[in-house]
Amino acid sequence: MSTALARARPHGASFESELSAADFSRVAALVSDHTGIKLPAAKRVMVEGRLRRRASLCGFATVSDYCSHLFDSGGLDQEFQHLVDVVTTNKTDFFREPGHFTYLEEVIVPTLMGKAAVRGSSGRTIKLWSAASSNGAEAYTTAMVMADLARNHGGLRYAILGTDISSAMIDQARLAIYPQAMLDPVSDERRKRYVMVEQGKGASGRARIVPELRRQCNFQAMNLMDDVYPYDHDVDVILMRNALIYFEADVQDAVVRRLWSHLRPGGHLMLGHSESMIGTRAGLPQVSNAVFRKGGA
Ligand SMILES: C[S@@+](CC[C@H](N)C(=O)[O-])C[C@H]1O[C@@H](n2cnc3c(N)ncnc32)[C@H](O)[C@@H]1O
């Protein structure tokens, strides 16, 4: 922690609950330029709350002091990633919007299995990408579905990439440790197979995804605002769910265009259920609820 960050809050002092309009504008502009996330005035109270927690952690007495540190004392370089981490909304769940996983299990993979290219030990690897993966729940849900399918279809190979702009979320995803309550949407059978629970006295109430699934998932930090995504262009399924909703329409369109170019012919793009209009606006062929399929295969 830098000396500036170490400035201690007087013991017992309460925070001034003030994020000035000017500081909010500076933060909002920075966040929007870098991440695409729009922060309209209505989000000021939410942003203030999140900045307050960060300010407190860094030892600043007020949000205003923290903002001065960022913008007037050169603290931004060191704090930038933390700022991104605090302003991103990382809400996620296992089996969130479960229809997509049913579609993967019952339609997409069986269709792929009908093609000689993915069958048997010499078959190619099915590639899946959780493009705003948060803490990894979406990627590990996908892994559970794929692992079940692989159990029933010997030789089925798959690999899952998880990317997110928040390095804190990428760290959590790699660790794959969750509060047990978060695993509630996972069926008992799958929990038995794919989740390790600490038992006995002193157990932490947390659970970890088994190594077999962790090995199939590779998490990397990536900004969807980048012009080029350094990944393959023959991906079978891209999940881009519940992140575009935070972007301006032109950013949504550009991200969808770039992701679409990473799909192989016949590949699928899944958007959040409340985001399907972004796909239809782009003229993508919709084959199920918020699922779009690239032609040509
Ligand atoms: C609400 S979570 C959605 C997680 C998951 N896809 C789901 O539907 O449960 C949105 C995620 O998008 C990420 N995100 C926001 N802006 C991003 C950007 N420019 N590039 C990459 N990830 C971004 C956030 O860090 C956050 O983890």
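Were the residues from residue 182 through residue 41 laid out at 0.36 nm apart, the gain over their Cα-Cα distance would be 47.6 nm. Explain nothing, just the number: relative contact order of region 171-212, from Cα pairs under 8 Å at least 6 residues apart, as a whole percent. Worked out over region 171-212, it gives 45 percent. Checking every one of the trypsin sites (Lys or Arg not before Pro) in region 71-147 against DSSP loop status and a limit of 16 other Cβ atoms within 10 Å picks out 91, 115, 119, 124. The length gained by stretching the chain between residue 82 and residue 220 to full extension, at 0.36 nm per residue less their Cα-Cα distance, is 48.0 nm. In summary, the aspartates and glutamates within cross-link reach of residue 192, defined as a Cα separation below 16 angstrom excluding same-chain residues under 8 places away, comprise 148, 184, 212.
Label separation (residue 117 vs residue 151): 2.9 nm, computed from points 7 Å beyond Cα along the C-beta direction.
Protein-only accessible surface at a 1.4 angstrom probe places the residues 192, 201, 38 in the order 201, 192, 38, largest first. For region 204-260, applying the loop criterion from DSSP together with a ceiling of 15 other beta carbons within 10 Å to the trypsin sites (Lys or Arg not before Pro) yields 215. Sparsely packed loop sites in region 149-250 (the GluC sites (Glu not before Pro) outside DSSP H, G, I, E and B with at most 16 other Cβ atoms within 10 Å) comprise 198, 248. The share of accessible area on the chain that comes from carbon and sulfur is 52 percent, using a 1.4 angstrom probe. Bridging of residue 38 to aspartates and glutamates at a Cα separation below 20 Å is possible for 23, 48, 79, 85, 164, 226, 227, 248, 250, 253, 275, once same-chain residues fewer than 8 apart are set aside. Using the alpha-carbon positions of the chain, Rg (one decimal) and Dmax (whole number) come out as 21.3, 68 Å.
Projecting the Cα positions of 235, 45, 135 onto the charge dipole of the chain (unit charges on Cβ atoms of Lys, Arg, Asp and Glu, taken about the Cα centre) puts 235 furthest along the positive direction. Taking every alpha-carbon pair under 8 Å whose residues sit at least 6 apart, the chain reaches a relative contact order of 15 percent. Excluding same-chain neighbours fewer than eight residues apart, the lysines reachable from residue 43 by a Cα-Cα span under 20 Å are 91.
Using the Cβ-Cβ distance between residue 196 and residue 286 with R0 set to 25 Å, the FRET efficiency works out to roughly 0.05.
The length gained on full extension between residue 274 and residue 71, counted as 0.36 nm times the residue separation minus their Cα-Cα distance, comes to 69.5 nm. Summing charges over all other residues whose Cβ lies under 12 Å from the Cβ of residue 169, with Lys and Arg as +1 and Asp and Glu as -1, gives -2. The residues of the chain expose on average 46 square angstrom of accessible surface per residue, using a 1.4 Å probe on protein heavy atoms.
The values are calculated or read from the model by the stated rules, or taken from the named source; none is laboratory data. Fair warning: this is a prediction, and the values are worked out from it, not measured in the lab. Cβ sites come from the backbone with ideal geometry, for glycine too, and all protein chains shown count toward neighbours. These area figures cover heavy atoms from the full protein model, side chains too; ligands, DNA and RNA do not enter into them. Shrake-Rupley method; radii C 1.70, N 1.55, O 1.52, S 1.80 Å.
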